[in-house]
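Data block below; observations after.
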Amino acid sequence: MMLVRDLLSRARSVVDAVGSLDVAWDDGTCRLDTGVTALADGSLLLGLDEGSRLAARVERADDEGQDVGVCLGLTDLAPVAVRDRVRGRLALAGWLEVRRAGAGPVCRLEPVELVWRDAGGPAVPLDPDGYRDAVVDPLAEHEADLLLAVARDRRMLAFLGARAGFAGAGRGHPVRPLRVDRHGLDLRLDRPGDPVDVRLPFDLDATGPGLAWAGLEALARP
């Protein structure tokens, strides 16, 4: 079972890498594909298009001396090819604070409620203070390169699959590297409609890509 500490780090990593997200407020929803920036404290800046429904709602509330409550939805996607790339979803709720107005308002959201849900798993509330104090996983910016390297190395992948117990378990179904973080690797037996994920922990904490690759090679030893 994933420790809450690791979920907090995963949440911070997803926010740090944010490119787009979904927004829901009291009378509408939209998707922001641009203008989203993660700040060092885990809060988010949203640059809203002038004339959009959300911008109009924020500007009206700002004129009235109020804030707009919103819920943001972020999706954690695997950076490698699997049938279902969604690894988890994060919901953050809070109030939009207008930082700058002009061509379109720029708003800051500091999360006051957070919920993480692994794909196929239950919703797990996260403590906002724990989220602010958590750190981005040190492998987050290297994860795609590491997973792609594993996916290309058929020998390594075969040994990792055997260690995960997949040998002979899913004939004709591929084994894919799904996630890597400082604590280990997740492998997936990519069966349609019935994927199986197994966690392979590192012996030592991998605080950089070199240590992560050493950990992967150790896991792949016959």
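How far, in degrees from 0 to 90, does helix 53-63 lean away from the longest principal axis of the Cα atoms of the chain, to the nearest 10? Long axis of 53-63 versus the principal axis of the chain: about 50 degrees. Computing FRET efficiency as 1/(1 + (r/R0)^6) for residue 203 and residue 75, where r is the C-beta to C-beta distance and R0 is 35 Å, gives about 0.65.
On the principal axes of its alpha carbon atoms, segment 29-74 extends 30, 21, 16 Å, with the longest extent given first. If the Kirkwood radius is taken over C-alpha pairs of segment 1-59, then at 25 °C and 0.890 mPa s the Stokes-Einstein diffusion coefficient equals 189 µm²/s.
Its residues counted as N, the chain yields a C-alpha radius of gyration over 2.2 N^0.38 Å of 1.16.
Here residue 18 and residue 145 are evaluated by their C-beta separation; at R0 = 30 Å the FRET efficiency comes out at 0.95.
Computed 3J(HN,Hα) for segment 148-155, one whole-Hz value per residue from the Karplus formula 6.51 cos²θ - 1.76 cosθ + 1.60 where θ = phi - 60°, is 5, 5, 5, 4, 7, 8, 5, 5, glycine and proline marked x. Here the 3J(HN,Hα) profile of segment 46-51, calculated from phi with Karplus coefficients 6.51, -1.76 and 1.60 at θ = phi - 60°, is 10, x, 9, 5, 4, x Hz, Gly and Pro shown as x. Entry comment: accessible area of segment 134-219 is 51 Å² per residue, from protein heavy atoms only and a probe of 1.4 Å.
Computing FRET efficiency as 1/(1 + (r/R0)^6) for residue 37 and residue 3, where r is the C-beta to C-beta distance and R0 is 22 Å, gives about 0.15.
Heavy atoms of the protein chains alone define the surface here; on that basis segment 55-127 has 51 Å² accessible area per residue at 1.4 Å probe size. Mean residue ellipticity at 222 nm, helices only, the chain: -8000 deg cm²/dmol; runs of at least 4 DSSP H residues each add -39,500 (n - 2.57), and the sum is divided by the number of residues.
Of the heavy-atom accessible surface of the chain (probe 1.4 angstrom), what whole percent is carbon and sulfur?
Carbon and sulfur: 51 percent of the exposed surface of the chain.
The values are calculated or read from the model by the stated rules, or taken from the named source; none is laboratory data. Here the structure is a predicted model, which means the values were calculated and not measured. Every residue, glycine as well, gets a Cβ built from its backbone with ideal geometry; the counts of neighbours run over all protein chains shown. With ligands, DNA and RNA removed, areas are computed over all heavy atoms of the protein, side chains included. Shrake-Rupley method; radii C 1.70, N 1.55, O 1.52, S 1.80 Å.
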